[in-house]
Structures are given as C-alpha cells and as structure tokens.
Amino acid sequence: MTDISKLGEFGLIRHLTDNIKIKNESTIKGVGDDCAVLHYPDSEVLVTTDMLMEGVHFDLTYIDMQHLGYKSAMVNISDIFAMNGTPRQLTVSLALSKRFKVEDLKQFYSGLRLACDKWGVDIVGGDTTSSYTGLAISITCIGEARKEDIVYRNGAKDTDLICVTGDLGAAYMGLQLLEREKSVYYQQVDEARKKNDKRALESLKDFQPDFAGKEYLLQRQLQAEARGDIIARFRELNIHPTAMMDISDGLSSELMHICKESNCGCRVYEKNIPIDYQTAVMAEELNMNVTTCALNGGEDYELLFTVPIGDHEKIEQMDGVKLIGHITRPELGQMLVTRDNQEFELKAQGWNPLADK
Ligand SMILES: [Mg+2]
C-alpha cells in the first residue's frame, strides 16, 4: 500500500486522472488547468451537487471503494436524468484521513469512471485534501437540456397519471440485510472475546455473511443505477412528463414534494406499488410491513413522474414502468388506498439526515 504523501497532491491527481479521454463536445478543457472550460451554446445548463460523509451516508464495512465511487457518481447522474436532462461533466472532491492509501483512491476512481463511462460523462476536475475523521465525498454533476424539455417538480395537474420505474424498497432492505449480518458478526466477536476463545476469534476473520437468495437486495443497495434508459425511452415515445424527480428519500416523501410544488393532491394505490419478491421476503423475515418499506425506504434512484391522462397508452408501451395512481385537486389531500380499500393520508417519513436519530 502506498501513502498518499509519497505522490503528493499533483502526483496523485495525475495518477488518478491519467488517460481520461474527453467524450463531450461541450467539454473544452477538462482536468489540468485552473478551471475546466465548458461550452453550451444552445442549452440550459443543469447543475447538481451531493455530499457524502463516512458514518452518515455510507459504512466502509459494507461497501468497498469501487462500489462507493460508482454509487457516488450514479446518484448525481440520477439527478440530471430526473430533470429530463443529459449528464455531461462531473467534478469530484475528497477529504481523506491517513488510513486511505493510493490504492484505495484508485479503486474509488475506477468505480467513478465506470459510472461516468456508462452515461458518457467527462470527469473534468476535483480536489483532494486531508481529513481527521474518515472520508468525505463531494460530487458535482453538470448536464444539459433544451429549455422546453426540462421537467420540474411543479407541473403536475389534476387527473395526471402517477408512474414509477423499477421496483421500490429493495435498496432499503439491502441495507437492513447488511446491518443484520454486521451485528451477527460483532455478536460472535463479543462472545469469543468474553470467553477469551482465541481460536474462535481467529476463525471469525473468515466470517461469511449469509446473503443467499438476497443478491438482488445487495445489488440495489451497493450498486445504484441511474435510469437514463427511461429518459431515452421518453424521447422515442415522445413523452414529456408534467413533473418528475428521482426517488432518493422514499416514494412517500417524493410524492409530497411533487404535490406541494405542483399544488395538487394525489391518490396512490398500495396494490400498484412495484415490489420485488426478495424485498417482500426480507420484510417478512424482519417483521416489517413491506409497503411501509417501499414508501419510506430510500436510495432506490428510480424515477417518479406524472403524465397527462392522454399518455396512458404510451406509458403502457414502456417496460418497467408502473402506474401507481393519479393526481387530484389539492383539497383531496395525499392519499394511499390500501389493498382492503381503506384510505390513509400519506406521511413523509423519508430519511432526513438532519433529524435526530
Ligand atoms: Mg433528486
């Protein structure tokens, strides 16, 4: 393992950004000067930024540096798609404590580059600095869209259809699974320590968590995917959503954002919420209500959008898109209709990083 100080800041940047090939016409200058230079003569420019802190947003006992790099890029790219835009450039800043080595950073960058290559995004800059406590990641993604193509959160209208892509709750269940296995591991370590059982302690080094039959949940937690395929499909089918956002904090909370911004109500049907089989099995194992998990679990990075009712047939042609309800007048509130036809007001219990835990 190589200490970062051995390369120095400039050596490190060169090492990590070497052989990056620029893919976009809008990137005039990438890494290697005081600033990146971008050129967007005919488009609106979209900018999104995200900060991820070790211990708050990720736990390096679950996720390796390559997956972390991939996910950090994807969640930003997802926000550009959520505006119906095309992601183009990305900058990345890292604060690192001494335990991180050059090899860790190379892993992180390889994940980052994989995600960027997937969606044709150029890495055009960044910064690395030191931290006393763990890892902090700040990523900014820049994209473009024609003015008339941009989809905001505030355009949903009474009778519009509410749609979601993919399935919900699996990433949250993946996190529950990782936390369960982690606590099993520490329980065994504790017991071995209490008994002073050196042999048991030694064999725990090879501890194998039990993920059998739950691979999809892990993948959804560790390998977020932005839904650029859906944006491309909108273009093919000539669909222009009236409102859209990506689901990062849970369906419930995102629906409330759209309703608030669009000044409308909504009616969502529990039976229509897409849930994978593995999510349902895991929820049952943990004695959790699977609908609650799908409504409030975060990190799905699926798209939530509304379209005029006249687009019904077009939506039916889209694979992996589910109609979950419709928009109503604001005075009707934000309602969930359960399988047994009861009605509840939707509550946003979405993950709030600023709330007390
Ligand atoms: Mg978003």
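The values are calculated or read from the model by the stated rules, or taken from the named source; none is laboratory data. Values in this document were obtained by computation on a predicted structure and should not be read as measured data. Neighbour counts run over all protein chains shown; Cβ positions are idealised from the backbone, glycine included. Quick note on the areas: whole protein, heavy atoms, side chains included, nothing else; ligands and nucleic acids left out. Shrake-Rupley method; radii C 1.70, N 1.55, O 1.52, S 1.80 Å.
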Full extension between residue 317 and residue 229 adds, at 0.36 nm per residue less the Cα distance, a length in nm of 30.3 nm
Enumerate the lysines that residue 214 could reach by cross-link, defined here as Cα to Cα under 18 Å, with residues fewer than 8 away along the same chain left out.
-> 182
Among all the aspartates and glutamates, which ones have a C-alpha under 16 Å from residue 147's C-alpha, if same-chain residues fewer than 8 places away are not counted?
-> 42, 44
Averaging sequence separations of C-alpha pairs under 8 Å and six or more residues apart, then dividing by the length of the chain, give the relative contact order as a whole percent.
-> 22
³J(HN,Hα), Karplus 6.51/-1.76/1.60, whole Hz, each residue of the stretch 177-190, x for Gly, Pro | 4, 4, 5, 4, 5, 5, 6, 4, 4, 5, 4, 5, 4, 4
Phi-derived 3J(HN,Hα) across the stretch 149-158 with the Karplus relation (6.51, -1.76, 1.60, θ = phi - 60°), rounded Hz, x for Gly and Pro, is 8, 5, 10, 9, 7, 9, x, 5, 10, 3
Between residue 271 and residue 210, 0.36 nm times their residue separation minus their Cα-Cα distance comes to what?
-> 18.9 nm
Along the three principal axes, how long is the chain when you take its alpha carbons, biggest first, rounded to the nearest angstrom?
-> 62, 60, 35
Where labels lie 7 Å past Cα in the beta-carbon direction, separation of residue 131 and residue 344 in nm | 3.6
What is the extension gain from residue 53 to residue 193, computed as 0.36 nm multiplied by their sequence separation minus the C-alpha to C-alpha distance, in nm to one decimal?
-> 47.3 nm
Taking the alpha-carbon centre of each part, the distance from the stretch 219-236 to the stretch 68-106 in Å is 16
For the stretch 241-357, the per residue accessible area (1.4 Å probe, Å²) is 51
Ranked highest first by average number of other Cβ atoms within 10 Å, how do 40-46, 25-31 line up?
-> 25-31, 40-46
Relative packing of peptides 98-110, 204-216, 150-162 - highest average C-beta neighbours within 10 Å first | 150-162, 98-110, 204-216
In sequence order, calculated HN-Hα J values of the stretch 129-139 (Karplus, 6.51, -1.76, 1.60; Hz; x Gly/Pro) = 8, 9, 9, 7, 10, x, 10, 10, 10, 10, 10
Long-range HN-HN contacts of residue 302 with modeled amide H, under 5 Å = 247
Which percent, nearest 5, of DSSP beta bridges in the chain are antiparallel?
-> 75
Sequence-distant residues sharing a close amide H with residue 60 (under 5 Å, placed H) = 55
In terms of modelled amide H atoms, which long-range or inter-chain residues lie less than 5 Å from the amide H of residue 126?
-> 92
Output the peptides 122-133, 243-254, 220-231 sorted from most to least packed, where packing is the average of other Cβ atoms within 10 Å over each peptide's residues.
-> 243-254, 220-231, 122-133
Mind checking which lysines have their C-alpha under 18 Å from residue 6, skipping anything on the same chain fewer than 8 residues away?
-> 98, 101, 106
How far apart, in nm, are the 7 Å Cα→Cβ label points at residue 200 and residue 18?
-> 4.8
Given the candidates 275, 244, 263, the one whose Cα lies deepest towards the positive end of the charge dipole of the stretch 220-281, counting +1 at each Lys or Arg C-beta and -1 at each Asp or Glu C-beta, is 263
Accessible carbon and sulfur surface of the chain relative to its total accessible area, %, 1.4 Å = 49
